[in-house]
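See below for the structure under consideration.
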Amino acid sequence: MPDTVLSLKDVTLSLSGNAGPVEILHGISLDVAAGETLGLIGPSGSGKSSLLMIMGGLERATAGSVHALGQDLTAMDEDALARFRRDSMGVVFQSFHLIPTMTALENVATPLELAGARDAFDRARAELESVGLGHRADHYPSQMSGGEQQRVALARAAAPRPRILLADEPTGNLDGSTGDAIIDLLFGLRDRHGATLVLVTHAPALAERCDRVVRLTDGRVADAQLRAAE
């Protein structure tokens with residue numbers, strides 16, 4: 001049986017609002033196996049993105065525990081969490097989050113440089129080639145389309161060879177055909193690097209490709225479905 005790489009136990013998230021605390025997540029317990037692709041679905045405001053951010057240590061649970069690759073994320077300070085993400089996780093956001101003053105090559109190479117990779121730029125160039133953007137290496141984000149920017153973001157997330165890849169609505173800002181291409185690239189990166197993939201999506205085509213789908217409603221797990229292998 002595959003190892004568990006992500007384990008959440010009774011995770012609760014409460015955020016402060018103008019009218020007092022707002023309960024976002026209510027006692028979520030969830031395990032994700034090595035190599036699994038898990039889709040998080042549900043209506044807007046159901047807590048999908050918040051749950052993904054907790055998995056990545058980008059948001060702290062109010063209560064409960066979060067373990068990733070055997071490490072207790074809830075016990076880590078911000079510096080330790082940043083190092084853990086650098087070494088073990090790749091994160092792709094809906095809005096790309098590229099650094100506008102850096103070229104595509106520099107955006108992809110930066111996390112590798114921070115990790116001390118001596119061949120950061122060679123690896124970054126190879127990763128851009130793998131997503132079909134070798135010819136755009138010296139272009140800035142403002143010179144690229146939304147689909148191209150998301151491909152750069154995918155290359156940046158995959159370049160350090162993370163064991164866990166998290167994606168928050170990776171096709172949300174893209175048209176249908178461009179989104180389909182990003183889906184193919186995302187799963188291709190997962191297959192090539194053997195990462196565990198957890199993604200938030202509203203796109204039925206993307207959810208259909210996941211090994212398992214978890215539906216959230218009002219901050220709770222409403223349904224978990226294991227998809228039959230085709």
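Model label points for ASP77 and HIS139, set 7 angstrom from Cα along the Cα-to-Cβ axis, are 4.3 nm apart.
In region 86-185, what trypsin sites (Lys or Arg not before Pro) fall in a loop by DSSP, with at most 13 other Cβ atoms inside 10 Å?
Counting only loop positions with at most 13 other Cβ atoms within 10 Å, the trypsin sites (Lys or Arg not before Pro) in region 86-185 are ARG118.
Neighbours of THR217 by Cβ distance under 14 Å: Lys/Arg scored +1, Asp/Glu scored -1, total 0. Convex hull of alpha carbon positions in region 96-230: directionally averaged projected area 9.1 nm². Rounded to the nearest 20 debye, the dipole size of the chain about its Cα centre is 120 debye, using +1 on the Cβ of Lys and Arg and -1 on the Cβ of Asp and Glu.
Ligands, DNA and RNA are left out, and with a 1.4 angstrom probe the accessible area of the chain is 47 Å² per residue. Compared with the direct C-alpha span, the chain from SER16 to ARG220 gains 71.5 nm at full extension, assuming 0.36 nm per residue.
Calculated FRET efficiency, ARG60 to ASP211, Cβ-Cβ distance, R0 = 45 Å: about 0.95 to the nearest 0.05. Return the whole-Å distance between the Cα centroid of region 90-119 and the Cα centroid of region 1-60. That distance is 25 Å.
The values are calculated or read from the model by the stated rules, or taken from the named source; none is laboratory data. These numbers come from a predicted model, not from an experiment. Neighbour counts run over all protein chains shown; Cβ positions are idealised from the backbone, glycine included. Surface accessibility is based on the protein's heavy atoms, side chains included, excluding ligands, DNA and RNA. Shrake-Rupley method; radii C 1.70, N 1.55, O 1.52, S 1.80 Å.
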